[in-house]
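K.L.:
I'd like to ask you about the structure that follows.
The values are calculated or read from the model by the stated rules, or taken from the named source; none is laboratory data. Please read these numbers as outputs of a predicted model, since none were measured by experiment. Note: ideal-geometry Cβ built from the backbone for every residue, glycine included; neighbour counts use all protein chains shown. For accessibility, only protein heavy atoms count, side chains too; no ligands or nucleic acids. Shrake-Rupley method; radii C 1.70, N 1.55, O 1.52, S 1.80 Å.
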Amino acid sequence: MSESAALVTYAVTEEQIAETKARYAALSCDTPKGYEEVRLAIAEVRDARVAVEKRRVELKADALAYGRLVDSKAKELTAMLLEIEEPLKAKKQAVDDEKARIRAEAEAAKRAAIEAEIASKRAEEEEKARLAREAEEKRLAEERAAIEAERAKLAEAQAALEAARKAEEERQRVERERIEAERRAEEAKLAEARKAEEDRLAAIRKAEEERLAAVRRAEEERQRAERAALEAERKAVAAAREAQERAEFERQAKLRAEREATEKAERAKREAAEAEARRPDVEKVRAFAAQLREIAMPTVNDSALADALVVAWDALGSIADELERAAERRAA
């Protein structure tokens, strides 16, 4: 071993690293205690690795040739430490992934419960609309029954008028027969008066017929007016029913649109909240990495100090890269 190699000393040795590797190889994250032991082991190995890096920078500050020796030794030690650290990190990552899976399942169950509640409310609204529609149909049926009853009353009145007309005709027929009998009985005695009486009776018949014709015309006109009124009422009822059905359809469409808009807003709000919950830590790490990159390297005349600054600058860049990669992984 050369004199320069003898001067390259670190706070940790290959033997100590081998001992650490053997001590931590059997660690497991399957239990909370084991998880904590793995986390502390990772921290310890990471501290040792960082200490090696710091010592490398210190040793390399004297000269570039010495720095290359330091880098070689540090790389060797770092590789040995990473052999311990990476398996431990893999074990820890497996547990972290399982925790994330459990959280995702819980969130999915919560979303399913919310969707079930929304479906229940939608069914309740539809049931209310159905009951309202049935009540309206019942009311319209009752109105139709009332119109039919009124129409039946009108038909009865018309039948009564027709019966009265026939009775009047029958009475007139009987009266004519009586008059004719009297006329025949008196014909022998009232030959001269017969013509005058016949004229008088003819005038009575004509006047009665004209009166009956006028009565029939007035009755027919009244019946036409009643039929027109019933038809107008039927059309008004149909128009009202159509307007109500159209209003109910538009109300249901509006309710559906409002429910869909509410569901969409709730989904957007949940997604924004989930993204917002992850954002602060990720943004802090990214901001810190950006601050490391913005550190200005001073200009010095001493070559050894200049080399040391270059090494430190490279180390800061590596740290910033690692922070940004970690932030990207968490953001994803």
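K.L.:
Can you name the condition, by its number, that Lys189 falls short on among (1) farther than 30 Å from Ala149 by Cβ; (2) part of a helix (DSSP H, G or I); (3) not acidic (Asp, Glu)?
P.N.:
Failing condition for Lys189: (2).
K.L.:
So which of Arg329, Arg227, Arg270 ends up being part of a helix (DSSP H, G or I) and loosely packed, with under 12 Cβ neighbours inside 10 Å? Before you say what the answer is, go through the steps one by one.
P.N.:
Values: Arg227 fails: loosely packed, with under 12 Cβ neighbours inside 10 Å; Arg270 fails: loosely packed, with under 12 Cβ neighbours inside 10 Å.
Going through Arg329, Arg227, Arg270 in turn, just one is part of a helix (DSSP H, G or I) and loosely packed, with under 12 Cβ neighbours inside 10 Å: Arg329.
K.L.:
Something else: Only one of Arg224, Arg234 is among the basic types (Lys, Arg) and either touching a Cys at 6+ places or on another chain (Cβ under 6 Å) or in contact (Cβ under 8 Å) with a residue 40 or more places away in the chain (or both). Can you tell me which? Show your work before the answer.
P.N.:
On the way: Arg224 fails: either touching a Cys at 6+ places or on another chain (Cβ under 6 Å) or in contact (Cβ under 8 Å) with a residue 40 or more places away in the chain (or both).
Of the residues listed, the single one that is among the basic types (Lys, Arg) and either touching a Cys at 6+ places or on another chain (Cβ under 6 Å) or in contact (Cβ under 8 Å) with a residue 40 or more places away in the chain (or both) is Arg234.
K.L.:
Residue check, Ala129 against (1) more than 30 Å from Glu260 (Cα to Cα); (2) modelled with pLDDT under 80, all met but one. Which one?
P.N.:
(1)
K.L.:
For segment 13-67, which positions are without any contact (Cβ under 8 Å) to a residue 24 or more places away in the chain and of a type in the set (Ser, Thr, Tyr)?
P.N.:
Thr13, Thr31
K.L.:
How many of the residues in segment 299-332 are in contact with a helix residue (DSSP H, G or I) (Cβ under 9 Å, 6 or more places away or on another chain) and more than 28 Å from Ser72 (Cβ to Cβ)?
P.N.:
Counting residues in segment 299-332 that are in contact with a helix residue (DSSP H, G or I) (Cβ under 9 Å, 6 or more places away or on another chain) and more than 28 Å from Ser72 (Cβ to Cβ) gives 5.
K.L.:
So, in segment 277-292, of the ones that are at pLDDT below 85 and open to solvent by 90 Å² or more (accessible area, probe 1.4 Å), which residue ends up nearest to Ser120 (Cα to Cα)? Don't jump to the end; show me each part of the working.
P.N.:
Initial filter on segment 277-292 (at pLDDT below 85): 277-282.
Still in the list and also open to solvent by 90 Å² or more (accessible area, probe 1.4 Å): 278-279, 281.
On the way: Arg278: 32, Arg279: 34, Asp281: 38 Å.
So, considering only residues that are at pLDDT below 85 and open to solvent by 90 Å² or more (accessible area, probe 1.4 Å), the one nearest to Ser120 (Cα to Cα) is Arg278.
K.L.:
Among the residues of segment 45-62, which ones are open to solvent by 80 Å² or more (accessible area, probe 1.4 Å) and out of contact with any helix residue (DSSP H, G or I) (no Cβ under 8 Å at 6 or more places or on another chain)?
P.N.:
The initial filter retains those residues of segment 45-62 that are open to solvent by 80 Å² or more (accessible area, probe 1.4 Å), namely 46-47, 54, 58, 62.
Answer for segment 45-62, where residues must be open to solvent by 80 Å² or more (accessible area, probe 1.4 Å) and out of contact with any helix residue (DSSP H, G or I) (no Cβ under 8 Å at 6 or more places or on another chain): Asp47, Lys54, Glu58.
K.L.:
Still on this structure, please answer the following. Residues Glu148, Glu142, Glu136, Glu126: which one is open to solvent by less than 60 Å² (accessible area, probe 1.4 Å), within 30 Å of Phe249 (Cα to Cα), assigned to a helix (DSSP H, G or I) and not aliphatic (A, V, I, L, M)?
P.N.:
Numbers: Glu148 fails: open to solvent by less than 60 Å² (accessible area, probe 1.4 Å); Glu142 fails: open to solvent by less than 60 Å² (accessible area, probe 1.4 Å); Glu126 fails: open to solvent by less than 60 Å² (accessible area, probe 1.4 Å).
The unique qualifying residue is Glu136.
K.L.:
Going through segment 183-208 one residue at a time, which ones are charged (D, E, K, R), surrounded by 10 or more Cβ atoms within 10 Å (Cβ to Cβ) and out of contact with any helix residue (DSSP H, G or I) (no Cβ under 9 Å at 6 or more places or on another chain)?
P.N.:
Looking only at segment 183-208, we keep the residues that are charged (D, E, K, R), and these are 183-184, 186-187, 189, 192, 194-195, 197-200, 205-206, 208.
Of the ones still in play, those that are also surrounded by 10 or more Cβ atoms within 10 Å (Cβ to Cβ) are 183-184, 186-187, 194-195, 197-200, 205-206, 208.
Those that are charged (D, E, K, R), surrounded by 10 or more Cβ atoms within 10 Å (Cβ to Cβ) and out of contact with any helix residue (DSSP H, G or I) (no Cβ under 9 Å at 6 or more places or on another chain): Arg184, Lys195, Asp199, Arg200, Lys206.
K.L.:
Checking Thr31 against (1) over 57 Å from the mean Cα position of the chain (by Cα); (2) open to solvent by 60 Å² or more (accessible area, probe 1.4 Å), only one condition comes out false. Which one?
P.N.:
For Thr31, the exception is condition (1).
K.L.:
Return yes when Gln172 is touching a residue at least 40 places away in the same chain (Cβ under 8 Å), surrounded by 13 or more Cβ atoms within 10 Å (Cβ to Cβ) and among the polar types (S, T, N, Q) and no when it is not.
P.N.:
On the way: touching a residue at least 40 places away in the same chain (Cβ under 8 Å): no; surrounded by 13 or more Cβ atoms within 10 Å (Cβ to Cβ): yes; among the polar types (S, T, N, Q): yes.
When the stated conditions are applied, Gln172 does not pass them.
K.L.:
Kindly indicate the residue of segment 293-309 that is assigned to a helix (DSSP H, G or I) and open to solvent by 80 Å² or more (accessible area, probe 1.4 Å) and also nearest to Val57 (Cα to Cα) among those meeting that condition.
P.N.:
Here the answer is Leu305.
K.L.:
Go through segment 1-116 and tell me which helices (runs of 4 or more DSSP H), entirely inside it, have 3 or more residues that are modelled with pLDDT of 90 or more and within 30 Å of Thr262 (Cα to Cα).
P.N.:
Numbers: elements: 3-7, 14-24, 32-60.
So the answer is none; nothing clears 3.
K.L.:
From the list Ala181, Ala132, Ala100, exactly one residue is hydrophobic (A, V, I, L, M, F, W, C) and more than 55 Å from the chain's Cα centre (by Cα). Which is it? Can you show your working first?
P.N.:
On the way: Ala132 fails: more than 55 Å from the chain's Cα centre (by Cα); Ala100 fails: more than 55 Å from the chain's Cα centre (by Cα).
Among Ala181, Ala132, Ala100, only Ala181 is hydrophobic (A, V, I, L, M, F, W, C) and more than 55 Å from the chain's Cα centre (by Cα).
K.L.:
Which of the following residues is open to solvent by 60 Å² or more (accessible area, probe 1.4 Å), polar (S, T, N, Q), at pLDDT 80 or above and closer than 30 Å to Arg122 by Cα: Gln252, Gln244?
P.N.:
Values: Gln252 fails: open to solvent by 60 Å² or more (accessible area, probe 1.4 Å).
The unique qualifying residue is Gln244.
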